[in-house]
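Here the structure comes first, spelled out in structure tokens, and everything after it is commentary.
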Amino acid sequence: MQYIFSHLANLSAKAKTVLASTFAIIPALFPFSALAQTEPVAGQAVNGQTGFQLSVTPIMDSIIAFHDGVLMWTITLIVIFVTILLAYIIVRYNKRANPIASKTTHNVLVEIVWTVVPIVILIVIAVPSFGVLADQQTIPDGERKYLGSNVFSFGEVEMPAPGLTIKATGVQWSWDYDYVDYDGADFSSFMLSNEERLAQKPNEPRLLAVDFDLVVPVDTTVRVQVTAADVIHSFAVPSFGIKIDAVPGRLNETWFNARKTGIYYGQCSELCGKDHAFMPIAVRVVSKEVFAAWVAKVQSDGIEEAAAMLPPIS
Ligand SMILES: [Cu+2]
């Protein structure tokens with residue numbers, strides 16, 4: 001009996017060492033870029049995707065550059081360092097290898113190092129992070145420059161002042177869009193049920209396709225004023241890098257400038273009730289000419305006629 005127990009203890013000590021060293025080499029064998037096996041696309045998630053959707057705005061460029069560049073390297077190095085430290089302590093200072101424990105309780109140098117190093121790490125993360133946040137919060141005036149994918153620059157991407165303002169109102173369970181510069185151009189956007197989707201928009205994804213898309217022109221700064229009619233919702237489109245709360249009685253502002261035509265989906269991102277998952281946002285980015293024709297059609301003939309003039313998504 002005694003023999004079995006000591007054998008088991010021995011085995012578990014060995015297993016611990018093996019486990020610890022395995023965990024230590026995993027990050028080295030699989031750099032994070034190799035973990036993403038599915039190529040991301042812009043506008044919607046694809047099966048098996050682990051990273052972000054592709055970016056089509058300078059804000060999302062800066063979010064991706066900050067995440068993949070500064071953050072990922074920082075946390076990967078910390079994980080590797082802590083894992084190696086842990087493995088070393090398990091091997092070197094277990095009861096068998098180190099039967100008489102040291103009585104050391106304080107070490108001034110070590111204590112200073114483990115206080116100062118995390119502060120330095122936080123500052124390195126905070127500086128570009130605040131820059132990215134400030135970009136998101138500041139509507140372009142035509143003069144301010146934006147970080148784009150160089151989060152350590154002081155701004156190198158020029159952005160025109162808003163050419164279009166849209167008011168988006170979160171409603172249980174739709175988004176109401178109002179093109180405030182165009183009289184009469186306002187409509188509600190509801191998710192299509194699966195039957196409706198298969199009948200009307202078979203090439204668009206389930207739970208994301210809506211009856212009437214939010215149509216905007218390409219290469220134009222769009223100011224989005226966001227509010228809600230009932231409870232708190234949140235207006236978010238991942239490929240644009242925007243996510244802002246829609247609060248009743250309050251007007252929040254965000255902006256985007258999409259550089260590529262196409263359709264970009266988002267979802268309500270604040271738990272707002274039973275159909276929270278079923279109030280998607282579909283933004284259709286079209287050429288400036290198509291937008292001008294579309295918005296004129298909305299004003300003259302209504303949203304249904306205008307939606308019919310846009311080619312179906314292939
Ligand atoms: Cu909602």
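All of the numbers you see were taken from the coordinates with simple rules; none came from a lab. In this text, all values refer to a predicted model and were calculated from it rather than measured experimentally. FYI the Cβ positions are ideal-geometry reconstructions off the backbone, even for glycines, and counts take in every protein chain you see.
Here is how the numbers come out for the structure above:
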quantity: Cα centroid of the range 176-210 to Cα centroid of the range 224-302, whole Å; calculated: 11 Å
quantity: R0 of 41 Å, Cβ-Cβ distance T261-E143: FRET efficiency to nearest 0.05; calculated: 0.90
quantity: Selection from V298, T169, A246, by position along the positive dipole direction of the chain (Cβ); calculated: A246
quantity: Under 15 Å, Cβ to Cβ, from R250 - net charge with Lys/Arg +1 and Asp/Glu -1; calculated: -3
quantity: Per-pair calculated FRET efficiency, R0 = 22 Å: A277 and L71 via Cβ, rounded to 0.05; calculated: 0.20
quantity: Computed [θ] at 222 nm, deg cm²/dmol, the chain (DSSP H ≥ 4; -39,500 (n - 2.57); rounded to nearest 500); calculated: -12500 deg cm²/dmol
quantity: Relative contact order, percent, the range 159-314 [alpha-carbon distance under 8 Å, six or more residues apart]; calculated: 26 percent
quantity: Cα-only Debye scattering, the chain: base-10 log of I(q)/I(0) at q = 0.07 Å⁻¹; calculated: -0.42
quantity: Of all DSSP beta bridges in the chain, antiparallel share, percent nearest 5; calculated: 70 percent
quantity: Shape call, the range 39-134: gyration tensor on alpha carbons, a/c limit 1.5; calculated: oblate
quantity: Residue-span extension gain [T105 to E39] - 0.36 nm each, minus C-alpha spacing; calculated: 18.7 nm
quantity: Separation in nanometres of the label points that stand 7 Å from Cα toward Cβ, at A229 and S314; calculated: 3.7 nm
quantity: Shape of the range 162-308, Cα gyration tensor, a/c cut at 1.5; calculated: rounded
quantity: DSSP H segments from the chain that extend 20 Å or more along their own axis, Cα-based, with Kyte-Doolittle mean of 0.5 or above; calculated: 2-29, 72-92, 108-137
quantity: Relative contact order (percent, whole number), the chain, Cα cutoff 8 Å, 6+ residue spacing; calculated: 17 percent
quantity: Antiparallel bridge percentage (DSSP; both residues within the range 162-308; nearest 5); calculated: 70 percent
quantity: Extended-chain gain in nm, criterion 0.36 nm per residue less alpha-carbon gap, V120 and F152; calculated: 9.9 nm
quantity: S239, S234 arranged by Cβ crowding within 10 Å, fewest neighbours leading; calculated: S234, S239
quantity: Spacing of the two label points (7 Å from each Cα toward its C-beta) at F130 and E195, in nm; calculated: 5.6 nm
